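Take this structure, written in structure tokens, and hold onto it; I'll ask about it next.
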Amino acid sequence: MRAVKSRNTSPERAVRALLRLFAPGYRLHRKDIPGNPDIAYVGRKQAIFVHGCFWHGHDCARGTRMPKANADYWRAKIARNRGRDAANLARLSELGWRALVVWECELKDEDALEKKLRDFLQQ
């Protein structure tokens, strides 16, 4: 578990590389914003979270796969992560922020991801 990074992961770096092409000027890992978003546009009040499918319980093939060893622990941990994510998104909304969640599996289709990011940032 110690080797699992929470910052500057490869999915996060891939999203940042896309954003640099058309929307530079973001800030990383702002602790003063609820949920500590991976990418934040402070002036626009827009936050982007890059979630790993397994760790945040996405409903794709990788996210629904549960380890066989210590399954109860992992189910509880992922449920806590999902609850924390929902609370952070609600808190951001209360403060007038807009948030986008980019899932790790969405990186497979770069064109669709770029369109999703552009649409989010242009709103």
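Looking only at residues in the range 59-112 that are of a type in the set (Val, Ile, Thr) and surrounded by 13 or more Cβ atoms within 10 Å (Cβ to Cβ), which one is farthest from ALA47 (Cα to Cα)?
The selected residue is ILE78.
Could you list all residues from the range 34-48 that are of a type outside the set (Val, Ile, Thr), on the phi < 0 side of the Ramachandran plot and surrounded by fewer than 22 Cβ atoms within 10 Å (Cβ to Cβ)?
PRO34, TYR41, GLY43, ARG44, GLN46
Also, quick follow-up: Are any residues in the range 52-103 over 30 Å from GLN123 (Cα atoms) and among the aliphatic types (A, V, I, L, M), and if so, which ones?
Residues satisfying the conditions are ALA61, MET66, ALA69, ALA71, ALA76, ILE78, ALA79.
Another question about this same structure. In the range 26-78, which residue that is among the polar types (S, T, N, Q) and in a loop (DSSP other than H, G, I, E, B) is modelled with the lowest pLDDT?
Restricting to residues being among the polar types (S, T, N, Q) and in a loop (DSSP other than H, G, I, E, B), the top hit is ASN70.
The values are calculated or read from the model by the stated rules, or taken from the named source; none is laboratory data. No experiment lies behind these values; they were computed from the predicted model shown. Positions of Cβ are backbone-derived with ideal geometry, glycine not excepted, and every protein chain shown enters the neighbour counts.
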